[in-house]
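Here the structure is laid out as structure tokens; the discussion comes afterwards.
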There are 2 protein chains.
Amino acid sequence: MISGWEGIREEVLRRIRVRDWPPGETIPTEEELAAEFGVARATVNRALRELAGAGVLERRRKAGTRVALLPVRKATLDIPVIRQEVEARGQVHGFTLLTRTEGAPPVPVASRLGLGPSARAIYLETLHLADGRPFVFETRWLNPAVLPKPLPDFGVVSANEWLVAHVSYETGDIAFTAEAADAREAAVLGVAEGAALFVTERTTWTAEAAITLVRLAHVPGYRLQTMI
Amino acid sequence: MISGWEGIREEVLRRIRVRDWPPGETIPTEEELAAEFGVARATVNRALRELAGAGVLERRRKAGTRVALLPVRKATLDIPVIRQEVEARGQVHGFTLLTRTEGAPPVPVASRLGLGPSARAIYLETLHLADGRPFVFETRWLNPAVLPKPLPDFGVVSANEWLVAHVSYETGDIAFTAEAADAREAAVLGVAEGAALFVTERTTWTAEAAITLVRLAHVPGYRLQTMI
DNA sequence: GAGTGGTCTAGACCACCTC
DNA sequence: AGGTGGTCTAGACCACTCT
């Protein structure tokens, strides 16, 4: 017996899998499905909305709901604070602040932060450790104009955690690349120059201004994983 | 004026950002917020449910809704078919089937596919091109036992697209790593041996059995990007 | 036990889009 | 112009979990 919006979601998925409703086909309207399953239309809507969000269905007003022809699968990644990521592996997290300077950032950084040419920014280099071994080399630019005062000693509190605790919510973008370790990264992470590093780059914004631009170079062997 | 569930979501976010509701704090109940905003409780529920899904709020029955202390940010990645990915860059997609063999897969592959030691599998090597230049080197194991017949000529139809069109829905996992190009990868992609490659590995399953295990080695410079 | 979120209903109106 | 999904309402019952 099918009941509840999750039951309806599973039943719709089953019909797609067994090709009752093959890719590209228009499935019955919400009203028809509601009648068939004996539920309210809102319940059907909830189920179909979830499947559309997952890329399985495509919905347009008036045109109806179709099974996606080339489903763009959606994968959700969890982006935890580095300390949590290390502790989730059962290891002990530590970090060392290697560099802290302040000054005008290089032009590409300034432009990605949306700063004028003479604006000043804080630059931090931090090495994160897992069980005492290098794990992530973090290089970060901070926009001091939008940070709450007073600023902490980033040698004691990692910028990562101070930010999530003191700048409540932000939007931004995130990118992943593979890059060869340069001389500095190789020395800090204790790997050979040219080693393949998994690199995460994030820019985060408040409603108006950029907060921080951070680059995380992970030690070789790092694996970012999720279920589909 | 605040109205609609999206308006309520933005207002809640605003209050979190300006620290009316700092991290860890319990916010008013759905009923109280519904009264304040002059909407039905279901509308508030929709807004708060979205924010909980994004990792901004934590909700528990009886305990109420709190602002997440260490928000585990969720990023949603689109995993398109390679052809779409190439075409989205305004380039022309092409591909060449380099190898097709059939036989018992190596043990690590068999175990990840959940196959017995003597089971046979199809192995494909495909080079995907963007504007005629190497883009992705795909190596794929297929479990023929669960594939619909007849199998196509994978030199004409890419396995990637044939699967999404003929095996309607599947679950699986996906992982991203950075790896140094081995001799074969370097030769096929036309890069130096040891170059840093962005590698995607996917396993996909039907309800019971594994369908395919695929490894995509992207040419250096590849960037996987999303908004947060 | 009781408070809170999770879900469902029956109905309604609206926005968008195809026809 | 009309059909379809998107959203909202007011109310209800239920599931979970904290006390």
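The values are calculated or read from the model by the stated rules, or taken from the named source; none is laboratory data. Computed from a predicted model, the values in this text were never measured in an experiment. All Cβ positions, even for glycine, are placed from backbone atoms using ideal geometry, and neighbour counts span all protein chains on display.
General remarks:
- Unique match (being out of contact with any strand residue (DSSP E or B) (no Cβ under 9 Å at 6 or more places or on another chain) and among the β-branched types (Val, Ile, Thr)) among A:Val44, A:Val109: A:Val44
- In segment A:162-176 there is no residue matching the filter, namely being over 19 Å from B:Ala54 (Cβ atoms), at pLDDT below 95 and away from every other protein chain (no Cβ under 12 Å).
- Check on A:Ala210, more than 11 Å from chain B (Cβ to nearest Cβ) and without any contact (Cβ under 8 Å) to a residue 12 or more places away in the chain: no
Quick grid of which residues meet (1) within 12 Å of DNA strand C (Cβ to nearest atom); (2) within 30 Å of the chain's Cα centre (by Cα); (3) within 14 Å of chain A (Cβ to nearest Cβ):
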| site | (1), (2), (3) |
| --- | --- |
| B:Arg15 | no, no, yes |
| B:Asp20 | no, no, yes |
| B:Pro23 | no, yes, yes |
| B:Glu30 | yes, no, no |
| B:Ala34 | yes, no, no |
| B:Glu50 | yes, yes, yes |
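- Applying the criterion of being surrounded by 18 or more Cβ atoms within 10 Å (Cβ to Cβ) and among the hydrophobic types (A, V, I, L, M, F, W, C) to the residues of segment A:20-35, the residue that is farthest from B:Glu170 (Cα to Cα) is A:Ala34.
- Considering A:Gly38, A:Gly55, A:Gly90, the condition of being in contact with a strand residue (DSSP E or B) (Cβ under 9 Å, 6 or more places away or on another chain), small (Gly, Ala, Ser), free of Cβ contacts under 8 Å to residues at least 60 places away in the same chain and on the phi > 0 side of the Ramachandran plot is satisfied by A:Gly55 alone.
- Set side by side, the residues B:Ala42, B:Ala68 differ, and just one is surrounded by 15 or more Cβ atoms within 10 Å (Cβ to Cβ), modelled with pLDDT of 90 or more and small (Gly, Ala, Ser), which is B:Ala68.
- Selection status of B:Val109, more than 16 Å from DNA strand C (Cβ to nearest atom), surrounded by fewer than 19 Cβ atoms within 10 Å (Cβ to Cβ), within 22 Å of the chain's Cα centre (by Cα) and under 19 Å from A:Tyr169 (Cβ atoms): no
- Whichever residue in segment A:52-65 is within 13 Å of chain B (Cβ to nearest Cβ) and near DNA strand D (Cβ under 10 Å from one of its atoms) and, among such residues, is modelled with the lowest pLDDT: A:Gly53
- Odd one out for A:Tyr123, checked against (1) part of a strand (DSSP E or B); (2) in contact (Cβ under 8 Å) with a residue 24 or more places away in the chain; (3) not assigned by TED's automatic domain parsing to the domain that holds A:Leu213: (3)
- The set of residues in segment A:171-185 that are surrounded by fewer than 20 Cβ atoms within 10 Å (Cβ to Cβ) and assigned to a loop (DSSP other than H, G, I, E, B) contains only A:Asp182.
- Candidates A:Ala42, A:Ala63, A:Ala68 - the one that is closer than 25 Å to B:Gln84 by Cβ and near DNA strand C (Cβ under 9 Å from one of its atoms): A:Ala63
- Of the strands (runs of 3 or more DSSP E) lying entirely inside segment B:39-119, those containing at least 3 residues that are within 26 Å of B:Leu129 (Cβ to Cβ) are B:73-79, B:93-103.
- Flag if B:Leu33 is in the same structural domain as B:Ile8 (by TED's automatic domain parsing), farther than 30 Å from A:Asn160 by Cβ, more than 10 Å from DNA strand D (Cβ to nearest atom) and in a helix (DSSP H, G or I): yes
- B:Ala180 vs. criteria facing chain A (nearest Cβ under 9 Å) and over 30 Å from A:Glu11 (Cβ atoms): yes
- Matching residues, segment A:186-207, being more than 8 Å from every other protein chain (Cβ to nearest Cβ) and not in a strand (DSSP E or B): A:Ala186, A:Ala187, A:Val188, A:Leu189, A:Gly190, A:Val191, A:Ala192, A:Glu193
- Top-ranked residue in segment B:1-10 [being within 16 Å of DNA strand C (Cβ to nearest atom) and in a helix (DSSP H, G or I); ranked as nearest to B:Gly55 (Cα to Cα)]: B:Arg9
- Subset of segment A:213-228 [facing chain B (nearest Cβ under 10 Å) and of a type in the set (D, E, K, R)]: A:Arg223
- Condition met for B:Val86 (more than 12 Å from DNA strand D (Cβ to nearest atom) and away from chain A (no Cβ under 14 Å)): no
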